[in-house]
């Protein structure tokens, strides 16, 4: 809770905390958000539902990536935290000349990414309990794509808008703040590379699906 609250003591606790907890939480919540609907519909109908919600359909490669991202969601979520931690550790060492333990930075990123797990938890709950009028593709009004008509918005722009999410911004700010606390470095030196990585991942996903 101290990490989520962004307290000054959170950085050291996140850096030395058990790494398995945030990684398992991210994996489990990603599975909870995607797997019930995927298993219920089957891969073919699941992909068709996404195709039906697009104005011009999707390329075969985009459909493949859409299914791959869905099936691999429990692996991609914790992997994103680990890869981000590795990149941030290298950035601190070689760009900021700060000696850091790579594992501590990875752990800090994993705890900082906890808001993404809460977003997936809410999304999964809405997909199970909300009425038929809910949008199964994007049921949570935490991103700008929720307010866009999927059937008349190009896939690239719709997926890019899905990445403009309150929980994603919270995760980036929290991760940078927690690492800033752990390293006793200014927040302004650590948030920009995280923001760049987040934007690059968002655009890459949108491009692959568009």
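Label residue 156 and residue 125 with points 7 Å out from Cα along Cα→Cβ: what is the distance between them in nm?
3.7
What order do you get for 101, 159, 185 when you list them from fewest to most C-beta neighbours inside 10 Å?
Fewest to most other Cβ atoms nearby, the residues stand as 101, 185, 159.
Can you sort 35, 66, 94, 158 from fewest to most other Cβ atoms within 10 Å of each residue's own Cβ?
Sorted ascending by nearby Cβ count, the order is 94, 35, 66, 158.
Working out 0.36 nm times the residue gap between residue 60 and residue 86, then minus their Cα-Cα distance, what length gain in nm do you get to one decimal?
So the chain would gain 6.1 nm between residue 60 and residue 86.
Using a 10 Å cut-off around each Cβ, can you sort 67, 190 from fewest to most neighbouring Cβ atoms?
Starting with the residue having the fewest Cβ neighbours, the order is 67, 190.
Determine by what factor the alpha-carbon radius of gyration of the chain differs from 2.2 N^0.38 Å, reporting the quotient.
After normalising by residue count via 2.2 N^0.38 Å, the value is 1.06.
Give me the extension gain from residue 146 to residue 21: residue separation times 0.36 nm, minus the current Cα-Cα distance, reported in nm with one decimal.
42.0 nm
Expressed as a whole number of Å, what is the distance separating the alpha-carbon centroids of the range 45-102 and the range 184-201?
Comparing the Cα centres of the range 184-201 and the range 45-102, I get a distance of 17 Å.
How far is helix 187-209 tilted off the main Cα axis of the chain, in degrees rounded to 10, range 0 to 90?
Tilt of helix 187-209: around 20 degrees.
Give me the percent relative contact order of the range 77-210, please, defined on Cα pairs under 8 angstrom at least 6 residues apart.
In percent, rounded to a whole number, it is 25.
Set the Förster distance to 41 Å, then compute FRET efficiency between residue 93 and residue 132 from the Cβ-Cβ distance, nearest 0.05.
About 0.20, to the nearest 0.05.
Please give the peptides 191-201, 166-176 ranked by average Cβ packing (other Cβ atoms within 10 Å per residue), highest first, as a rough proxy for protection.
Highest mean packing first, the order is 166-176, 191-201.
What value, in deg cm²/dmol to 500, does the helix sum -39500 (n - 2.57) over DSSP H runs of n ≥ 4 give at 222 nm once divided by the residues of the chain?
Value at 222 nm, helices only: -23500 deg cm²/dmol.
Once label points are set 7 Å from the Cα along Cα→Cβ at both residue 169 and residue 201, what is their separation, rounded to one decimal in nm?
Output for this residue pair reads 1.8 nm.
Any read-out appearing in this document is the output of simple, stated calculations on the displayed coordinates, not a laboratory observation. Fair warning: this is a prediction, and the values are worked out from it, not measured in the lab. All Cβ positions, even for glycine, are placed from backbone atoms using ideal geometry, and neighbour counts span all protein chains on display.
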